[in-house]
Amino acid sequence: MKIAIMGRWNATCGISLHAELIGRRLNKMGHEVIVFAPSLESANRDWHHKPIDTRDEPWVYRVYNETEEYNYPYGGWIKVDALLEEDYDALIVEGYHRFPIMEFSKVASRIKRRATLILVVHVGYLRDLIPYMSIDWDAIVVFDKRYVKELIAPCKASVLSRTYIIPYPHAIVDDDIMPFRPAFAKDKILFITYGRQPLQEYYDYIHALRRISERYDIAYWIIRSDHELPLKDKWIVQWVMRPDIMTLYSFVMGSDIHLLPKSETGAVVVSSTVAQILYSGVPIIAPDTRYFETIPVDERGYGPIVKYRLGDVLDLEKKIVELIEDDELRKTVSENARRFARKYSDGNVARMFEKLIEALAYEEKSALEYLNPLREDALAWAY
């Protein structure tokens, strides 16, 4: 099949990562993939979007301008001819709150006459989903049942009947990646954080590590995509770069503990950072916010990741020390992480999209029921 994806690409955000993971995996599975991406000029106006240090593939076309959040769902533009000139069997639209959805709605029916039209929901609030509901999608994909309960259920029954659960994919990389451990971390316990989180999201980790640094020889390696943070502790080392996923894996695998900052939100969200790097097996510590609520942990907060109570630096300090001191605990967390990542691997998720597209094309009801949350057990949970 020839499958088109419309959304961000080669950028430091979860929308882009989702498209890249399923797009590249579908390509490896033998499908022809093309990508309709936004102009970098328009996308870079969003705080979350920064292009990574790589070049677009030859089958990536930058054909639309994103709108501004304050103007959404209006604004932006699309090179309509670029969408209509290509011949494809399905178009997967990564739906987010800067996508020019009102412009896309003008051409959606023409695309639907010749290709299966699928929406992937990245928005976390109902207000941002409603503009997408003016389009007659063949399928609406959400990542888990929270999206069904909080976003889809309030919509019309016809929307619910076309909704399918396909989890956010986890990156699975080659096991022969060589870990990179920087020279400054020699004979030290190395913590790592990468991304572009606001300074305040680091506060818990900084406070806890200041206490831990009194007992252990540590280094905290912070990799930022734009600029350094105003942190001057002698055990903090900051690099400014936007590495690709293979380099990230090398960096994280060379570290001892991955500290993942994320504040609380009222939106329905997932952590693309976890999906990107969990397979490394390096223990991730994260606050118990909505970004991680679908990742199961025991009553102590241990599972594929380690959760602590947001703002509770004593709980955080305790768990960091437990990971430092308990080799068997680190091994268990690592094994759980890799097992969880394999369950929701990019390969498994890409095959689910493949199955969905084929089932919609041939109206295979049994295959569609496999992904549809309208099963009796799912309905009971959703409502």
Q. Which helices (runs of 4 or more DSSP H) does the stretch 188-295 wholly contain that include 2 or more residues that are within 19 Å of the chain's Cα centre (by Cα) and at pLDDT 95 or above?
A. 245-253, 272-277
Q | Lone unmet requirement of (1) under 30 Å from Glu325 (Cβ atoms); (2) without any contact (Cβ under 8 Å) to a residue 24 or more places away in the chain; (3) open to solvent by less than 70 Å² (accessible area, probe 1.4 Å) for Ser158 | A | (1)
Q.
Any residue at all in the stretch 299-308 that's surrounded by fewer than 18 Cβ atoms within 10 Å (Cβ to Cβ), part of a helix (DSSP H, G or I) and either at pLDDT 95 or above or hydroxyl-bearing (Ser, Thr, Tyr) (or both)?
A. no
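Out of the stretch 161-185, which residues are assigned to a helix (DSSP H, G or I), among the aliphatic types (A, V, I, L, M) and surrounded by fewer than 18 Cβ atoms within 10 Å (Cβ to Cβ)?
We begin by selecting, within the stretch 161-185, every residue assigned to a helix (DSSP H, G or I); these are 183-185.
Right, trim to among the aliphatic types (A, V, I, L, M) and you get 183, 185.
Selection gives Ala183 alone.
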Q: Hey, can you tell me all the residues within the stretch 62-102 that are surrounded by fewer than 19 Cβ atoms within 10 Å (Cβ to Cβ) and not in a loop (DSSP other than H, G, I, E, B)?
A: Arg62, Trp77, Val80, Asp81, Ala82, Leu84, Glu85, Met102
Q: Go through Ile111, Ile130 for me and flag whichever is closer than 22 Å to Gly14 by Cα and either part of a loop (DSSP other than H, G, I, E, B) or of a type in the set (Val, Ile, Thr) (or both).
A: Ile130
Q. Within the stretch 336-347, can one find any residue that is touching a strand residue (DSSP E or B) at 6+ places or on another chain (Cβ under 7 Å), of a type in the set (Ser, Thr, Tyr), in contact (Cβ under 8 Å) with a residue 24 or more places away in the chain and open to solvent by 50 Å² or more (accessible area, probe 1.4 Å)?
A. yes
Q. Among the numbered criteria (1) closer than 15 Å to Ile5 by Cα; (2) free of Cβ contacts under 8 Å to residues at least 60 places away in the same chain, which single criterion is violated by Ala19?
A. (2)
Q: Name, by its number, the condition in (1) touching an Asp or Glu at 6+ places or on another chain (Cβ under 9 Å); (2) free of Cβ contacts under 8 Å to residues at least 12 places away in the same chain; (3) not aromatic (Phe, Trp, Tyr) that does not hold for Asp174.
A: (1)
Q: Would you please name the residue that is nearest to Lys355 (Cα to Cα), looking only at residues in the stretch 12-39 that are touching a strand residue (DSSP E or B) at 6+ places or on another chain (Cβ under 6 Å) and open to solvent by 10 Å² or more (accessible area, probe 1.4 Å)?
A: His31
Q: Kindly indicate which of Glu354, Glu317, Glu322 is open to solvent by less than 50 Å² (accessible area, probe 1.4 Å), in contact with a His (Cβ under 8 Å, 6 or more places away or on another chain) and either within 21 Å of Asp256 (Cβ to Cβ) or not in a loop (DSSP other than H, G, I, E, B) (or both).
A: Glu354
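Look through the stretch 133-143, keep the residues that are touching a Lys or Arg at 6+ places or on another chain (Cβ under 9 Å) and assigned to a strand (DSSP E or B), and return whichever of them is farthest from Glu293 (Cα to Cα). Break it down into steps so the answer makes sense when it comes.
So the first thing to find is which residues in the stretch 133-143 are touching a Lys or Arg at 6+ places or on another chain (Cβ under 9 Å), and the list is 133, 135-140.
Going one step further and asking which of them are assigned to a strand (DSSP E or B), we end up with 139-140.
On the way: Ala139: 25, Ile140: 22 Å.
The selected residue is Ala139.
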Q) Which of the residues belonging to the stretch 272-298 are out of contact with any Ser or Thr (no Cβ under 6 Å at 6 or more places or on another chain), open to solvent by 20 Å² or more (accessible area, probe 1.4 Å) and within 16 Å of His258 (Cβ to Cβ)? A) Ser272, Thr273, Gln276, Val297
Q: Can you work out which of the residues in the stretch 40-55 that are among the hydrophobic types (A, V, I, L, M, F, W, C) and surrounded by fewer than 18 Cβ atoms within 10 Å (Cβ to Cβ) is modelled with the lowest pLDDT?
A: Trp47
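The values are calculated or read from the model by the stated rules, or taken from the named source; none is laboratory data. Just so it is clear, the structure is predicted and the values come from calculations on it, not from any experiment. In this analysis, Cβ positions are derived from the backbone assuming ideal geometry, glycine residues included, and neighbour counts consider all displayed protein chains. Each accessible area value is taken on the protein alone, full model and side chains, heavy atoms only, with ligands, DNA and RNA left out. Shrake-Rupley method; radii C 1.70, N 1.55, O 1.52, S 1.80 Å.
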